[in-house]
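Structure first, commentary second.
The values are calculated or read from the model by the stated rules, or taken from the named source; none is laboratory data. Just so you know, these numbers come straight off a predicted model, no measurement behind them. Don't worry about glycine lacking a Cβ; one is built from the backbone with ideal geometry, like all the others, and counts go over all protein chains shown. These accessible areas exclude ligands, DNA and RNA; they are computed on the full protein's heavy atoms, side chains included. Shrake-Rupley method; radii C 1.70, N 1.55, O 1.52, S 1.80 Å.
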Amino acid sequence: MTGKARSPRNPQTGLERGFLWVFRGAALITGMALFFPPANPGRISGKINQAASLFTTGISRDTVTNNMGRILRSQWITDGDVTLLMISCLVVMLGVLACAAGGCMSLGNRKMRKTGLVLPLVGAPIMGAGLFLIHRAYESMLAHGTSADKLDKLELAIPAGFAVFVALTGLLFLTALGAYLATAKEKDPAAKMEMEEKYRLFLMMLPVILLAFIFCYLPIWGWRYAFFDYTPGSDIGPQNYVGFKWFRFLFTDPATSADLVRVLRNTLAMSGLGIATSWLPIAFAVLLAEVRSTKFQRFVQTFTTIPNFISWVLVYAIALSIFSTDGFINSFLTNVLHQTGANTNYLQSADHTWLKMLLWGTWKGVGWSAIIYIAGIAGIDQQLYEAARVDGANRFRCIWHITIPGLIPTYMVMLLMSIAGILSNGMEQYLVFSNAVNKDVIEVLDLYVYNIGIGKSQQISLSTVVGVSKSLVGITLLFLANGISRTVRGESII
Amino acid sequence: MSKKEKSQATHIRRTARDWVFDIAIIVFFCLFTLICVFPFYYLLINTISDNDLVTSGYVNFYPLVKSAAGQAVPGIQISNYVALQNVQDLGSSVLVTVARTILGTALMVITSAWAGYLVTKQKMWKRSFWYRFLVITMYFNAGLVPWYMNMLMMGLTDNFLAYIIPGMVAPYNIILVKTYIESIPTSLEESAVIDGATTSRVWLKIILPLSVPILATIAIFGAVGNWNSFQDSLLLMNNRPDLYTLQHRLYIYLNSSSNLGAMMSQGGQVSEQAAQSLLNQRVIRYTVSMVSIIPILLVYPFMQRYFVKGIMLGAVKG
């Protein structure tokens with residue numbers, strides 16, 4: 001396969017194209033279902049780890065058996081049963097692999113398609129055989145359980161994933177067969193298997209796309225919890241569908257809406273303070289550029305960017321070492337200035353929390369944020385300064401009329417981005433600094449979502465509702481900011 | 001910048017106001033630098049001083065140890081770092097953090113290099129769609145709980161792989177690599193293609209060696225991010241304390257001691273034993289903090305130019 005695009009386009013009939021696309025879609029879904037625990041056809045006993053996908057069931061004996069200690073020891077399920085199950089899962093995986101390879105090859109020229117479609121015609125029956133073996137493992141466990149009279153302990157059942165896989169196997173076989181029959185035979189004996197470059201490049205990219213899909217797009221599927229009365233461990237289905245109940249609850253339940261108002265006030269206050277001081281890095285950069293010694297500039301830049309690279313947990317550790325009861329401030333007051341009774345714990349207080357959080361953020365971030373402006377200043381045309389000086393401008397006028405206007409475009413982008421992110425100030429800083437005393441004034445939206453959903457209580461549905469609303473507002477703000485940027489600057493920011 | 005600035009300096013006759021201004025900004029920056037550096041120094045001297053002197057609050061500006069006569073004299077001791085091996089659960093978190101930093105960073109860099117190269121290929125089927133598909137994930141996320149439920153569904157809770165696999169696709173880094181590769185002359189690549197090299201061979205033999213600077217940049221960003229990781233450990237590893245990362249472990253140490261501190265400051269009765277544990281907790285907390293800062297401080301001077309390069313490349317829109 002060379003990079004030259006010399007493969008002729010082999011025409012496809014509408015029927016063939018239809019079969020091929022359904023087949024590719026089915027192969028893609030099947031491939032992903034391998035890693036999807038709810039679709040695991042091998043979970044034939046409730047004692048098999050709920051988090052095990054078909055893939056894990058096939059390769060990891062530990063995962064399969066880690067909840068079955070006593071059952072295995074007492075031989076209610078034998079090691080042989082487990083081995084049979086694992087082998088069956090591996091067989092299914094082999095079949096899926098063949099189908100997926102066929103799906104990839106079906107993007108090639110006619111010769112490659114015709115060859116590639118043989119793979120699922122073999123692979124789908126292999127999948128079927130694997131599923132049959134899983135059923136055998138189930139029957140074998142059933143037999144052992146019956147003889148041990150412990151059937152109820154084993155929680156044997158054919159899982160929903162089994163039906164899903166049977167359906168997918170059938171679909172893969174039929175569409176592959178249809179596509180195979182609809183593909184005309186390659187008459188040219190000299191024809192080689194080739195694929196157009198655009199599809200080859202796409203297939204190389206596919207693993208990355210799938211990873212992004214699984215970890216960034218698939219979570220959107222979790223938004224459904226907003227419409228159900230979900231408690232951890234239960235299932236969701238028609239029986240607990242509640243429509244917009246949680247959205248209404250958010251605004252009608254007095255305690256919750258009071259919480260929401262409080263949390264929004266904290267969020268907006270702290271984001272607002274951040275935006276109000278977002279010019280600080282510019283000031284930092286402009287002043288630093290006024291220092292004549294390059295060595296000193298580099299020295300300052302090196303040391304003021306260090307705090308940006310430590311985690312918020314470490315910032316908190318530093319805060320404790322300086323401001324807690326036995327921290328630097330108190331020991332300095334006691335042992336150097338000989339004051340008595342200096343044992344204030346400055347962190348255990350709710351006074352000026354917003355301001356303190358702003359100061360920590362500034363301490364951590366200002367040196368780093370200034371870098372982009374320092375580079376911006378270096379990029380300003382020196383002739384402007386010379387011309388201004390010839391006209392009699394002093395350095396303050398140069399700063400005001402040349403340097404700062406030169407940095408404004410960069411600043412506008414930063415400002416718009418921070419306005420778009422006004423609801424997302426992250427939870428890490430506020431989580432580490434929160435304590436019993438200041439929790440009411442430090443809880444921002446992100447932290448609130450964590451606290452009610454995962455941290456303190458397990459109100460998955462309510463927490464999802466808050467998260468969904470926040471995501472929607474966030475994306476709206478982002479588009480607004482982008483629209484403003486386009487109108488004003490003629491350039492988009494995303 | 002430097003040369004221009006110097007030539008600029010020789011041209012200007014400084015007035016008195018200029019002198020005052022110059023001195024003021026130098027003093028300001030010295031102070032600010034001190035504020036940035038002193039906390040680290042303070043932590044360090046408290047870990048290498050005598051623990052009794054630390055507890056009485058005498059160690060403020062330089063490390064102190066007790067002399068043979070019991071007097072406080074300047075000096076250092078490293079017994080706290082040696083004693084760390086006895087701290088419960090610390091070893092496993094260091095191992096986990098080192099492992100995820102190495103594996104996670106390596107996989108992220110390889111994926112970014114591969115994807116960043118492929119998205120420069122105009123011929124790819126629906127290239128701009130897939131590129132946007134990746135980039136959008138920087139600006140949009142489904143929310144914490146749906147993300148958590150997704151990880152649960154994928155079997156990535158209480159699982160070391162949760163530290164590595166989700167981090168493999170880093171859209172920002174893909175943009176950085178893409179921007180960098182676009183600046184490489186295409187003639188090199190074209191000549192290799194004419195010689196019959198496949199896409200993956202071109203990537204391995206030509207693109208990778210040429211993009212080492214940008215890969216180093218993203219590797220350092222990735223390594224620092226992995227080393228500092230706290231949130232995923234907090235959210236996902238509920239039943240596996242042996243998989244807690246170092247920052248998570250430190251967070252636990254910090255909290256257990258700050259609660260004791262709160263009791264004392266509110267005038268509550270603290271038993272002898274609790275006071276003793278406060279002392280130990282405090283030394284542990286300083287020393288563990290230092291242990292998790294030191295690697296960053298050690299690599300920092302060598303890596304600083306890469307950090308700066310990274311943020312500058314990011315400023316160029318992808």
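Here is how the number arises for chain B: DSSP H runs of 4 or more residues each give -39500 (n - 2.57), the sum is divided by the residue count, and the result at 222 nm is -22000 deg cm²/dmol. Derived scalar couplings between HN and Hα for region B:225-240 equal x, 5, 5, 8, 5, 9, 5, 5, 5, 4, 7, 9, 9, 3, 9, 10 Hz in order, rounded to whole Hz, by the Karplus curve 6.51 cos²θ - 1.76 cosθ + 1.60 (θ = phi - 60°), x for Gly and Pro. The slack in the chain from B:PHE38 to B:GLU190, taken as 0.36 nm per residue of separation less the alpha-carbon distance, amounts to 49.3 nm. Scanning residues 5 or more positions from A:PHE228 or on other chains, those with amide H under 5 Å from its amide H are A:VAL242, with H placed 1.01 Å from N in the peptide plane. Measure off, as a whole percent, the carbon and sulfur share of the 1.4 Å-probe accessible area of the protein assembly as shown, all protein chains present. Taking all protein chains in place, the protein assembly as shown shows 65 percent carbon and sulfur surface.
Legend: residue pairs B:LYS126/B:LYS309; A:LYS114/B:LYS205; B:LYS178/B:LYS205, Cα-Cα distance threshold 24 Å; pairs beyond threshold, B:LYS126/B:LYS309; A:LYS114/B:LYS205. When you count the other C-beta atoms within 10 angstrom of each residue and take the mean per peptide, A:40-52, A:278-290 line up highest first as A:40-52, A:278-290. Kyte-Doolittle mean at least 1.0 and Cα extent at least 20 Å along the axis: which DSSP H helices of chain A qualify? Span-like helices here: A:79-105, A:160-182, A:197-212, A:404-420, A:460-489.
Across peptide B:28-39, the mean count of Cβ atoms from other chains lying within 10 Å of each residue's own Cβ comes to 6. Counting only lysines at least 8 places from A:LYS47 when in the same chain, those with an alpha carbon closer than 27 Å to its own are A:LYS150, A:LYS153. A protection proxy built from the mean count of other Cβ atoms within 10 Å ranks the segments B:21-28, B:67-74, most packed first, as B:21-28, B:67-74.
Axis angle, to the nearest 10 degrees, between helix B:272-315 and the longest C-alpha principal axis of chain B: 30 degrees. Within the same chain, aspartates and glutamates fewer than 8 places from A:LYS185 are excluded, and of the rest, those with a Cα less than 18 Å from its Cα are A:GLU16, A:GLU194.
With respect to chain B, whose longest principal axis is taken over its alpha-carbon atoms, helix B:16-47 is tilted by about 70°. Per residue of peptide A:326-336, the mean number of Cβ atoms on other chains within 10 Å of the residue Cβ is 5.
Over chain A, dividing the summed -39,500 (n - 2.57) contributions of all DSSP H runs of at least 4 residues by the number of residues returns a 222 nm mean residue ellipticity of -20500 deg cm²/dmol. Take the Cα of B:SER92, step 7 Å toward its Cβ, do the same at B:PHE21, and the gap between the two points is 6.1 nm.
For A:LYS439, a cut-off of 19 angstrom between C-alpha atoms picks up these lysines, skipping any fewer than 8 places away in its own chain: A:LYS356, A:LYS456. For B:VAL65, the amide hydrogen comes within under 5 Å of the amide hydrogens of B:ASP50, B:VAL73, B:GLY75, counting only partners 5 or more places away or on other chains and with H modelled in the peptide plane. Put simply, when B:115-125, A:89-99 are sorted by average Cβ atoms within 10 angstrom per residue, most first, you get A:89-99, B:115-125. Computed about its Cα centre, the charge dipole of region B:83-318 is approximately 620 debye, with only Lys, Arg, Asp and Glu carrying charge at their Cβ.
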